[in-house]
Amino acid sequence: MADNEPKKAYRTLPSLSMQDKVCVVTGAARGLGYEFCNAFLQSGCTSLAVLDLKHDEAREVADVLAKQNALDGGAKIDAIGIACDVSSEESVQAAFAAIKERFGRLDAVVASAGIVENYSALEQANRYPADRIRKLMDVNVHGAFFTAREAAKIMIPQGSGSIVLISSMSANIVNIPQQQTPYNFSKAAVKHMASSLAIEWAKTGVRVNALSPGYMLTKLTRTILANDSQLKETWENLTPVGRMGDPEDLAGAIVYLCSDASKFMTGAELRVDGGYCAI
Ligand SMILES: NC(=O)c1ccc[n+]([C@@H]2O[C@H](COP(=O)([O-])OP(=O)(O)OC[C@H]3O[C@@H](n4cnc5c(N)ncnc54)[C@H](O)[C@@H]3O)[C@@H](O)[C@H]2O)c1
């Protein structure tokens with residue numbers, strides 16, 4: 001398309017719009033979290049909080065996204081980058097206090113921060129190191145719980161809001177050939193956490209769902225693939241559609257779950273995995 005050509009306005013379902021919604025994403029400095037932010041801005045969101053471990057990275061991503069949106073001819077974005085370690089309850093509380101002060105309300109929260117490690121249960125002197133299991137649970141499970149709880153404290157008094165916990169296909173299947181039992185059970189916990197919180201809060205107007213991706217190409221998976229040149233091909237062969245997912249492949253799913261288009265959906269899991277769990 002030539003630079004001077006006017007952009008086409010596409011019509012879409014109005015309930016899919018994220019206009020006037022305040023959106024928050026944890027683990028948003030890169031990977032899937034970054035793409036979720038992008039999807040919200042492309043769907044009309046103008047108030048965004050980018051949460052990640054390091055303040056400078058979160059702030060830089062917030063600035064880049066806002067500038068990119070302006071270049072793409074979008075509306076002016078109020079984006080804030082906030083340092084937040086989701087494994088620390090105090091850090092999550094401080095982040096949501098800052099969000100409330102800045103925006104006054106909260107409509108969509110995505111708990112995307114997460115880590116993975118591949119150890120066999122018996123590795124490392126006959127055991128997966130206990131401190132690493134605890135860290136993984138602290139980030140993946142307790143982090144999702146603290147995030148959902150602080151979000152709900154703002155959303156319940158409003159009477160509305162959508163919380164999405166990023167689980168994984170690993171909540172449903174056992175990945176092969178790599179061994180990662182603690183990661184798998186952490187993601188099963190996240191999936192059931194979404195259902196459990198959804199039922200606790202069902203009458204309040206606050207919805208909670210789980211989004212479970214298959215193998216997606218991000219820093220998280222690239223780190224694993226860097227140690228094993230055959231593994232990508234193995235994963236692609238195991239995935240019915242024959243490829244790994246691009247983070248953009250989750251854009252429609254996250255907007256659907258966070259927008260009013262899914263307003264009768266709570267306590268559910270949406271799998272976006274190239275058919276992996278269907279085999
Ligand atoms: N990539 C995949 O194939 C895949 C598949 C299924 C599920 N997931 C899940 O999706 C989520 C995002 O994965 P990704 O591939 O984008 O990973 P990634 O490693 O590319 O990005 C994760 C982000 O989370 C941040 N983070 C890590 N620990 C944190 C903490 N304690 N507090 C706040 N932020 C923290 C990191 O700084 C990073 O910016 C994770 O929960 C992961 O388990 C990923």
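Let me confirm something: among Lys8, Lys76, Lys21, which residue is in contact with a helix residue (DSSP H, G or I) (Cβ under 9 Å, 6 or more places away or on another chain) and open to solvent by 40 Å² or more (accessible area, probe 1.4 Å)?
Lys76
Looking at the stretch 157-168, I want the residues that are under 13 Å from Gly114 (Cβ atoms) and have a partner that is assigned to a loop (DSSP other than H, G, I, E, B) and not acidic (Asp, Glu) with Cβ atoms under 6 Å, at least 6 apart or on another chain. Which pairs are those?
Pairs that qualify, where the first residue is under 13 Å from Gly114 (Cβ atoms) and the partner is assigned to a loop (DSSP other than H, G, I, E, B) and not acidic (Asp, Glu), are Ile166/Ser112.
Please tell me if Gly143 is within 15 Å of the chain's Cα centre (by Cα), in contact (Cβ under 8 Å) with a residue 24 or more places away in the chain and open to solvent by less than 50 Å² (accessible area, probe 1.4 Å).
Here the answer is yes, as Gly143 does meet what is asked.
What are the residues in the stretch 253-276 that are open to solvent by less than 50 Å² (accessible area, probe 1.4 Å) and assigned to a strand (DSSP E or B), if any?
Leu270, Val272 - these are the residues of the stretch 253-276 that are open to solvent by less than 50 Å² (accessible area, probe 1.4 Å) and assigned to a strand (DSSP E or B).
Which condition breaks for Cys37 when tested against (1) open to solvent by less than 30 Å² (accessible area, probe 1.4 Å); (2) at pLDDT below 95?
Condition (2) is where Cys37 drops out.
What residue, of Ser195, Ser168, is more than 21 Å from Val255 (Cβ to Cβ) and out of contact with any Phe, Trp or Tyr (no Cβ under 6 Å at 6 or more places or on another chain)?
Of Ser195, Ser168, the one residue that is more than 21 Å from Val255 (Cβ to Cβ) and out of contact with any Phe, Trp or Tyr (no Cβ under 6 Å at 6 or more places or on another chain) is Ser195.
List the pairs whose first member sits in the stretch 84-101 and is over 14 Å from Ala151 (Cβ atoms) and within 14 Å of the ligand (Cβ to nearest atom), whose second member is in a helix (DSSP H, G or I) and modelled with pLDDT of 95 or more, and whose Cβ atoms are under 7 Å apart, counting only residues at least 6 apart or on separate chains?
Filtered contacts from the stretch 84-101: Asp85/Ser91; Ser87/Asp138; Ser87/Val139; Ser87/His142; Ser87/Gly143.
Looking at the stretch 129-137, is at least one residue over 17 Å from the mean Cα position of the chain (by Cα), within 12 Å of the ligand (Cβ to nearest atom) and not hydrophobic (A, V, I, L, M, F, W, C)?
yes
The values are calculated or read from the model by the stated rules, or taken from the named source; none is laboratory data. All values reported here derive from a predicted model rather than from experimental measurement. Glycine also receives a Cβ, built like all others from the backbone with ideal geometry; neighbour counts cover every protein chain displayed. All accessible areas refer to the heavy atoms of the entire protein, side chains included, with ligands and DNA or RNA removed. Shrake-Rupley method; radii C 1.70, N 1.55, O 1.52, S 1.80 Å.
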